[in-house]
1. Which three numbers, in whole Å and largest first, are the semi-axes of the equivalent ellipsoid of the stretch 45-95 derived from its Cα gyration tensor as √(5λ)?
2. Say R0 is 35 Å: what FRET efficiency, to the nearest 0.05, do Ser42 and Ala171 get from their beta-carbon distance?
3. Rounded to the nearest 0.05, what FRET efficiency do Lys101 and Leu60 give with R0 = 41 Å and r taken as the Cβ-Cβ distance? Could you check?
4. Quote the FRET efficiency, to the nearest 0.05, computed for Lys181 versus Glu123 with a Förster distance R0 of 35 Å and r equal to the Cβ-Cβ distance.
5. If you add up the charges near Leu92, with Lys and Arg at +1 and Asp and Glu at -1, over every other residue whose beta carbon is less than 10 angstrom from its beta carbon, what do you get?
Amino acid sequence: MQPEDKDALQISRRTVIASATLVPVAALTAAAQAPKTALSASERQTLEAFIDRLVPKDELGPGAVECGAANYIDLSLADALAGEKGNFVEGLAAVDAFARKDHGGAFTGLTPEKRDEVLTAFEAGQVSGFANARAFFARVRRLTLEGMFSDPYYGGNKNFAGWDLIRYPGARLAVAPEDQKMSTPPKPLHQSAYGSNFNHGH
């Protein structure tokens, strides 16, 4: 082997080894930047089917799913509400089990009318074998509303759809005289109070 061939081989080895060590570092960086979620795919589907009946999309505007409420709840359960994850997952499983027992199928596969019957039973606390049905229903409803109308920074209110729905123009530091006229709706700002650099995106 000629000296130049040996140098070429060494450079090539160094390049390959350096590249190999950079790959996992880049992957870890990407993973660290990606928002962490708490629910499995099937749990997320059950949640979306649940909140879709709480606030369905209609001719007046988007519903809870379109406003990103499920994303807000999922991200919250992986972060600030991590202590609630176990009870929340148990509640979602109870919804599906009740649907299978009383309506012969998975909750996500039921008609809207049948889903409403399941949720009505939960709201009334009339679910045998699950004592926390009423409390779970109330908690999901509360989190759904938070996900629809909170600052998009937290993962919900997708594309500011929730704020547009209630005609909330968004947080602003100053209000001009023309913005205070009751006869003229304020122009939507469409900006998070935290700027455009969201932790969770939307």
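Throughout, read-outs are computed from the coordinates displayed, never taken from laboratory work. This is a predicted model, so every value here is computed, not measured. Cβ placement follows ideal geometry from the backbone for every residue including glycine, while neighbour counts extend to all protein chains displayed.
1. Details: eigenvalues 101, 34, 7 Å².
The answer is 23, 13, 6 Å, longest axis first.
2. On the way: r = 36 Å, r/R0 = 1.04.
The formula returns an efficiency of 0.45 here.
3. Details: r = 34 Å, r/R0 = 0.84.
With R0 = 41 Å, the Cβ-Cβ based efficiency is 0.75.
4. Details: r = 41 Å, r/R0 = 1.18.
E(calc), rounded to 0.05, equals 0.25.
5. Working: positive: Arg44; negative: Glu43, Glu90, Asp96.
Here the charged neighbours net out to -2.
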